[in-house]
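Undergrad: Submitted below is the structure of interest, expressed as structure tokens.
What follows draws every value from the coordinates through simple rules; no lab data is involved. Everything numeric in this text was worked out from a predicted model, so none of it was measured. We place every Cβ from the backbone using ideal geometry, glycine too, and count neighbours over all the protein chains shown.
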Amino acid sequence: MEHTKKNRQHPEILIATLGVEPQVVTITLDRLLADGRSISEVAVIYTENPAVRQALEIVAGEFAGPCYQGISFRPVPVALGRGKIQDFCNDADLRALLRTLYGEVRRARQQDFIVHLCVSGGRKVMAIMAMVVAQLLFGPEDCVWHLVTEGWQPGDRRRLHLPAEEKVWLVPVPVLRWREAGTLMRMVARLDDPAEVVAWYEKLSRDDQERRKSEFIRHWLTPAEREVVKLACYGLDNKAIAARLYKKEQTVANQLRGVYEKLREWLGYPPGIVDRSVLIAEFASYFHHPGRDDST
């Protein structure tokens, strides 16, 4: 099976809850890969129920063969202490589920993955807990997905992979991050339609991102650094920037090095290198905004 992958800055991971239908994982992964997502790892959250274990073995078998070469597979049991949970029967079981999901998403975020969280498999409570974790930890590029396949019913013949003509949808589930909880609660009280709440929240998030970017450009950088950053985001290399600003190329390199240090602090000291590609990914849209004052 050939997979087309877009050139993305961050690695991407699929975290999926698993029940007795293994195809939920494989079809979701196939759909993400077909959409150009660069999935490099799959983590499957499962219980020790015998039927779920059988489904897990089927999924693992797909990664042992040629189907998903280059994609690592990691089964993650829901554990309580040293024991593994077979089902969710009490508060302790649910706390263990929440802790497992939280740990996996947190690990992925710390390793700079873009997270794709599939909540279609397993018990309904797994999807509920996954949404709680998404609200707590998700960044702007992370997604929760619900898988829909046309005409399939539980008990139908199992197909781990579907032909291209088969109708499959990955429906994005809106996630309201709790960092704006106070403002969100005030606005929810005024709006009757949940779709309006989601639209308003997405606008709020975009506005907040733009405000933070403007603050970095205007208050964290010197006027000379702003000039250099703007031209770098327009795609000019150091030599071209130096020629445009009548500076030495080494001066431009030194100024950008200082910008990268400030950017690393502004981003909260993320793992990995903060360099020109990170700078452009963060601020190219800022400088290409139609209404942006060119003088920044």
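Undergrad: Rounded to the nearest 0.05, what FRET efficiency is calculated for residue 57 and residue 111 with R0 set to 30 Å and r the Cβ-Cβ distance? Before the final figure, lay out each step's value.
TA: On the way: r = 27 Å, r/R0 = 0.89.
The formula returns an efficiency of 0.65 here.
Undergrad: Pop a pseudo-label 7 angstrom from the Cα along the beta-carbon direction at both residue 82 and residue 269 and give the gap in nm to one decimal.
TA: Here the modelled spin labels are 3.6 nm apart.
Undergrad: Shifting gears a bit: Taking H as built 1.01 Å from N, whose amide H comes closer than 5 Å to the amide H of residue 145, not counting residues under 5 places away?
TA: Answer set, sorted by chain and number: 117, 118, 119, 173.
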